[in-house]
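Taking it in order: structure first as structure tokens, then the write-up.
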Protein chains: 2
Amino acid sequence: MNIGDVAERAGLPPKTIRYYEEIGLVRPLRSTNGYRSFQESDLHKLTFLGRARALGFSIEDCRTLLGLYEDDTRESAQVKAVAEEHLGEIDRKITELQAMRATLSHLVNACHGDERPDCPILEDLSGLGAD
Amino acid sequence: MNIGDVAERAGLPPKTIRYYEEIGLVRPLRSTNGYRSFQESDLHKLTFLGRARALGFSIEDCRTLLGLYEDDTRESAQVKAVAEEHLGEIDRKITELQAMRATLSHLVNACHGDERPDCPILEDLSGLGAD
DNA sequence: ATAAAGGTTCCAGTGACTGGAAGCTCAAGC
DNA sequence: GCTTGAGCTTCCAGTCACTGGAACCTTTAT
């Protein structure tokens with residue numbers, strides 16, 4: 001398979017796949033013309049990577065997870081630990097965004113949004129929030 | 001005020017303040033010794049920036065908001081539009097993170113996390129998810 | 001013969017800082 | 001006066017995970 005084929009099947013842009021090779025996540029063979037030649041196992045790995053990235057795992061987490069995936073002596077506890085750590089990170093981000101959301105939606109509701117300059121949003125940002 | 005003083009009062013690292021000057025968000029005067037010399041208005045702007053950034057506004061949004069803040073002919077509708085756009089972005093991120101969270105926590109719960117290699121998390125990532 | 005599509009490498013840019021090196025200035029203590 | 005340390009300066013490089021683009025090569029179809 002050429003890069004375009006794997007790209008389509010794995011649902012990843014060719015650029016991303018080249019980047020993954022550059023950082024050592026996949027190591028496709030090369031044809032005599034210099035083109036990358038992907039095997040089923042490469043496609044499999046790339047699909048794995050696409051899914052893991054879609055769940056928000058960092059590239060380094062993906063590297064770890066791929067390593068565990070290919071290691072039959074792994075313990076599921078190792079995988080679970082990585083996933084739980086990431087889950088905690090997601091929860092932290094959600095909490096942070098919800099706090100922003102709360103403040104901001106409050107301010108947006110308080111703002112008339114008309115042609116006059118008075119604006120509770122700017123007042124809050126400027127620290128004059130007498131709310 | 002020297003940079004360390006404003007940094008402390010605005011709650012921003014000196015590095016960040018220098019960066020904000022570099023991209024034109026603040027323009028402190030200079031003392032004869034070459035040190036940046038901040039006025040109250042600069043401190044005020046930096047505090048504004050710190051709050052806006054804490055609400056997740058991008059630097060470009062901050063630039064726009066600062067501009068509106070200093071423009072007495074502004075219409076509050078302009079401010080509200082920026083804020084609403086950002087609020088929508090926050091909501092999109094929250095939704096995305098919650099979807100990740102749902103999938104991931106489901107997988108984490110399904111994983112025994114023991115010394116054996118069987119792992120629903122890896123199975124799902126590898127596309128063998130027969131769930 | 002040519003043109004389009006797809007492949008290759010390499011370099012630069014993204015956002016918003018952050019770390020570190022090399023060097024200058026200032027205030028305090030001896 | 002001299003030294004020490006803190007704080008200031010600039011500049012360069014790195015972060016993360018790509019993404020865009022240039023310049024060039026290969027394959028396939030017309």
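The values are calculated or read from the model by the stated rules, or taken from the named source; none is laboratory data. Bear in mind that the values here come from a model prediction, so they are computed numbers and not experimental data. Cβ coordinates were reconstructed from backbone atoms using ideal geometry, including for glycine residues, and neighbour counts include every protein chain displayed. Heads up: the accessible areas ignore ligands, DNA and RNA and are worked out on the full protein's heavy atoms, side chains in. Shrake-Rupley method; radii C 1.70, N 1.55, O 1.52, S 1.80 Å.
The convex hull built on the alpha-carbon positions of the stretch B:1-74 has an orientation-averaged projected area of 5.0 nm². Largest first, the extents of the alpha carbon coordinates of the stretch A:29-131 on the three principal axes equal 68, 41, 18 Å. Convex hull volume of the Cα atoms of the stretch B:76-131, normalised per residue: 93 Å³. Put simply, the amide H of A:S37, placed in the peptide plane, has neighbours under 5 Å in A:L29, A:R30, A:S31, leaving out anything fewer than 5 places away on its chain. On chain B, 47 percent of the accessible area sits on carbon and sulfur atoms, based on a 1.4 Å probe.
Structural size metrics of the protein assembly as shown, computed from C-alpha coordinates, are Rg and Dmax of 24.8, 72 Å.
Among A:A83, A:A110, A:A99, the largest mean-square fluctuation in a Gaussian network model of chain A, built with springs joining Cα atoms closer than 10 Å, belongs to A:A110.
Pairs spanning more than 32 Å between alpha-carbon atoms, out of A:K15/A:K93; A:K15/B:K15; A:K93/B:K15; A:K15/B:K80; A:K80/B:K80: A:K15/B:K15; A:K15/B:K80; A:K80/B:K80.
How high is the FRET efficiency between B:N33 and B:I59 when r is their beta carbon distance and R₀ equals 25 Å, given to the nearest 0.05?
0.25
Taking all protein chains together, A:Y19, B:Y20, B:Y35 sort by accessible area into B:Y35, A:Y19, B:Y20, largest first [probe 1.4 Å]. Buried accessible surface for the A/B pair, both sides summed and rounded to the nearest 100, is 4400 Å² with a 1.4 Å probe. Positive contributions from Lys and Arg (+1) and negative ones from Asp and Glu (-1), summed over other residues with Cβ under 13 Å from the Cβ of A:R101, come out at -1.
What is the Cα centroid distance between the stretch A:1-36 and the stretch B:1-53, reported in whole angstrom? Value for the Cα centre distance between the two parts: 47 Å.
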